[in-house]
Amino acid sequence: MKVLHAFDNGASGNPLTYTVLKRDATKQLFFGFSGTKTAQQLITEALQAFPITYPIHPSGGNGVLIVDYFYKYYIYKVRDDILNTVPGILKAHSGYDVIFTGHSLGGAVAVHGAADFLLNGWGQNRTVTIITFGQPRVGNPAFSDLFKPMTAGWYRLDHYHDIVPHVPPCIPGITVPCVHDGGPLFYPYHSSQEIWYDEAFENYTE
């Protein structure tokens, strides 16, 4: 593995870093995003989890809504560097497949990065896979439907009683439905394949 690019957004309270690595033997590029670092940051994420529209790719159609905090974190603290850096990396690595990955907040940012990547048309002639760890919910089903069909797979690994994957909460019959179809226009929804590990990290279910 070789590091191609590393970025630290310098945010106070909860700085986020992302790194681009390559593996020549398998012709793969990895975009990895760091996660939530403090309990206060987790509280902030939960309190600012309300729906907004998705303005950077409005051609996706009506009904696309996303969680405010994670979207704005990506837009204001990460996206400019990605737009300035990624095209050159892709040009130098034609035919390399891409994997987006991240933990906690970084998982949400990785999803936004992958969505932006695919909707910008950068995924042509290469597969794009998303693998996250302890990822919070980032948007409604319409958001997922906008780019998920362009991926080779989207996998979400969760551990035991980790609270982050339940931010923002989705409680059937109490808050809103947690399924793809039906219910109000916006509700927090996990669209990816979940792989759930037990407390000892010895067994998992899909």
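As a test question: what accessible area, to the nearest 10 Å², does F7 have when a 1.4 Å probe is rolled over all protein chains in place?
50 Å²
For the stretch 81-149, what is the accessible area per residue in Å², given a 1.4 Å probe and the full set of protein chains? Spell out each step's value before the answer.
Working: 2200 Å² over 69 residues.
Here the per-residue accessible area is 32 Å².
How far, in nm, would the chain grow between V3 and T85 when pulled straight, counting 0.36 nm per residue and subtracting the alpha carbon separation?
28.2 nm
Could you name the lysines in cross-link range of K77, using Cα to Cα under 28 Å and dropping any fewer than eight places away on the same chain?
K2, K22, K37, K91, K148
Amide H of G35 versus every other amide H placed in the peptide plane: which residues, excluding those fewer than 5 positions away on the same chain, fall under 5 Å?
Sorted by chain and number, the residues that satisfy this are H103, G106.
Just reorder I56, I130 by solvent-accessible area, largest first, 1.4 Å probe, all chains present.
I56, I130
Taking θ = phi - 60°, what integer Hz values does the Karplus form 6.51 cos²θ - 1.76 cosθ + 1.60 yield along the stretch 100-112, in sequence order, with x for Gly and Pro?
9, 8, x, 10, 6, 3, x, x, 5, 5, 4, 5, 5
The values are calculated or read from the model by the stated rules, or taken from the named source; none is laboratory data. Only a predicted model underlies this, so the values are computations on that prediction, with no experimental measurement involved. Calculation scope for accessible area: heavy atoms of the full protein, side chains included, ligands and nucleic acids excluded. Shrake-Rupley method; radii C 1.70, N 1.55, O 1.52, S 1.80 Å.
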